1. Can you pull out every residue in the range 239-295 that is more than 22 Å from Leu114 (Cβ to Cβ), among the basic types (Lys, Arg) and surrounded by 17 or more Cβ atoms within 10 Å (Cβ to Cβ)?
2. Output the residues belonging to the range 225-264 that are in a loop (DSSP other than H, G, I, E, B) and within 13 Å of Thr131 (Cβ to Cβ).
3. Given the residues Trp235, Trp216, which is the only one that is under 17 Å from Ala34 (Cα atoms), of a type outside the set (A, V, I, L, M) and in contact with a Ser or Thr (Cβ under 8 Å, 6 or more places away or on another chain)?
4. Select from the range 19-44 the residues that are in a loop (DSSP other than H, G, I, E, B) and within 22 Å of Ile212 (Cα to Cα) and list them in ascending order.
5. Can you name the number of the only condition in (1) in contact (Cβ under 8 Å) with a residue 12 or more places away in the chain; (2) more than 29 Å from Asn284 (Cβ to Cβ); (3) in a helix (DSSP H, G or I) that Glu222 fails?
6. If the requirement is being assigned by TED's automatic domain parsing to the domain that holds Asp19, farther than 20 Å from Cys264 by Cβ, in a strand (DSSP E or B) and at pLDDT 95 or above, which of these qualifies: Gly63, Gly90?
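The values are calculated or read from the model by the stated rules, or taken from the named source; none is laboratory data. Every value quoted in this text rests on a predicted model; they were computed, and no experiment measured them. Cβ sites come from the backbone with ideal geometry, for glycine too, and all protein chains shown count toward neighbours.
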Amino acid sequence: MPRLKLSNGVLLSYFSFPDPLPSPTRPTILLLSAFFQRVDVQFIPQVQDTNLTGNGQAFNFIGIDVHGHGETSGREEWGYMDNAKDVADGLSLLGVDKFFIMAASHGGITAQELSLLCPSRVRGIILIGSTCRPYSSQFRTHMRDVFVPVWSSSDPPPDSALARSIQSTLGAPPKRPEELGSVFGDRAPIDHQPHGTRTAESAVGIELLSKIVDNWRTHTGEMKLHKPVDVLLGWEGCEARLRSVATPVLIIHGEDDSTILFECAEHILSALPDNKLTRVVKMNGKGAHLVNEVAEVAIELNEMVKSWLDECIQATIHKRQRQRLFVERYERRSPQPRTGLPPVAKYVCGAAFVLSMSLAIPFFYAKSRALGPKVGVHISRNAALGPGAALLGRSPRLSSQLSHSTRKVGQMTRDEPPADTLGAIRHAFKALGVATLAVGATTGVGVVGVMVGLGSPPYVGEFHTLMRSLVHSSFPELHATLHSVPNTAAQGRVEVWDKEQVEKALEEAYAKGGVRAWMSEARRQLERERAAAQRVAEWQGQNRSG
């Protein structure tokens, strides 16, 4: 297989089907193999099923071997979190952002860690014969005291050890070496098996079984036997962390699996959050652990997987449609941006101007009297005395005192009182102030009355603020950081949902209680984000001080 070179020096062996590079127009399925399996061998029954692959047009299949498997190399020490990080980087290098995962047995451990590490990238998970709990003490004892010593007793491992692994892995014993078509003998293809005889060769096919056995023979030495076993048995489980996995999960398990019991599938289901697409399928696995390799079971399994993937894709389409409708409703309800003064401000200014003008009429009247030009005839005081003036010794000069005069603007006679111009100005300013206060108070009362009467939401500003906060939130980054923290129980980690789960919670709240319920849920989610950010900062501070 070709290998991907990562920036950290890791080389990942991988394969891509149907194209050397995944097509961006097709959904991608990441394949992760079981313990001591090669990814390009184990999933042959799936990749060769045209109903599942759609003749190469339905999906991209990307298989990646984790450390200790295939030709992957580059780490002397690793754990399942390291496997998950390297796989995620490899997919990014191939141009894959979002993807489904199909994983078997210990590959399911990497799949679960990957979904916790990159929640926004994983669209769905298919787990085959996997677990979320640490392996039992009985299993660990068997692996360390029986499996490893027998497997490493020779190089390659003895056929007797391989035969026992065939029985537990595939649910049927291999043929004896001297029999025709034995995987340990001539490997001749046999079209017909004697009635009532079920062997691994007949259950899987001699071609696939031969590839499985040949790969097993390469698992010797420190890096491909002892180290992978230590990593497997040292895994502490992820059951407590699965509650934050928002993506749907299909859990397939053989009812008579003796390697990982069926109850392990139920443990995974109970640890996951509710999701209508998350389910457990109990299959008649014919006694096999890796049921996807058994020919008579693989056909049914592939049909089930294809149907479930179609459901997930349709659900994603419907979700996007609901989100689009929600945004459209939000935009229709949101006030459109305006330019200039708001209508209420324009009304207040206009009404205040009109009312102040009407109340300021005395000012203009007084001003016109004080400053307006006046032309007229007046009679002097002496002439106005008439004939009676002669009696007082004054000559009556009525005709000569009668005169025509023009008074200039601003000129007053001694007979007129002065106009109160300053008083008129003060009256005008008082009128303007009273008008503005009256119109403003009336408008305010009117606006409040309209809002109460029509039920207009006074929380539009807060709605916009919450929406902006959610858009700029860092749920995915916090989620990934928290799940990379070692010894999470001691850290008292605050769980943070990924972006899709937050969106789902907001949609459900809006559907149940409208905008008010949406705002309440948004505040709750943002509070979770703040608490998580604080916990991350505290943890980082402890690391720096330590």
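1. Lys286 - this is the single residue of the range 239-295 that is more than 22 Å from Leu114 (Cβ to Cβ), among the basic types (Lys, Arg) and surrounded by 17 or more Cβ atoms within 10 Å (Cβ to Cβ).
2. Selection gives Trp235, Glu236, Gly237, Cys238, Asp257, Thr259, Ile260, Leu261, Phe262.
3. Going through Trp235, Trp216 in turn, just one is under 17 Å from Ala34 (Cα atoms), of a type outside the set (A, V, I, L, M) and in contact with a Ser or Thr (Cβ under 8 Å, 6 or more places away or on another chain): Trp216.
4. Residues satisfying the conditions are Ser33, Ala34, Phe35, Phe36, Gln37, Arg38, Phe43.
5. The one condition Glu222 does not meet is (1).
6. It is Gly63.
Quick grid of which residues meet (1) under 21 Å from Ile128 (Cα atoms); (2) touching a helix residue (DSSP H, G or I) at 6+ places or on another chain (Cβ under 7 Å); (3) among the aromatic types (Phe, Trp, Tyr); (4) buried (at least 19 other Cβ atoms within 10 Å of the Cβ):
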residue	(1), (2), (3), (4)
Ser7	no, no, no, no
Leu12	no, yes, no, yes
Phe15	yes, yes, yes, yes
Ser23	no, no, no, no
Ala34	yes, yes, no, yes
Gln48	yes, no, no, no
Asn51	yes, yes, no, no
Gly56	no, no, no, no
Glu76	no, no, no, no
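For every residue, the table says whether it meets (1) in the same structural domain as Ile313 (by TED's automatic domain parsing); (2) touching a His at 6+ places or on another chain (Cβ under 6 Å); (3) modelled with pLDDT of 95 or more; (4) closer than 30 Å to Thr247 by Cβ.
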| site | (1), (2), (3), (4) |
| --- | --- |
| Ile126 | yes, no, yes, yes |
| Gly129 | yes, yes, yes, yes |
| Met143 | no, no, yes, no |
| Ala161 | no, no, yes, no |
| Thr169 | no, yes, yes, yes |
| His192 | no, no, no, no |
| Arg198 | no, no, no, no |
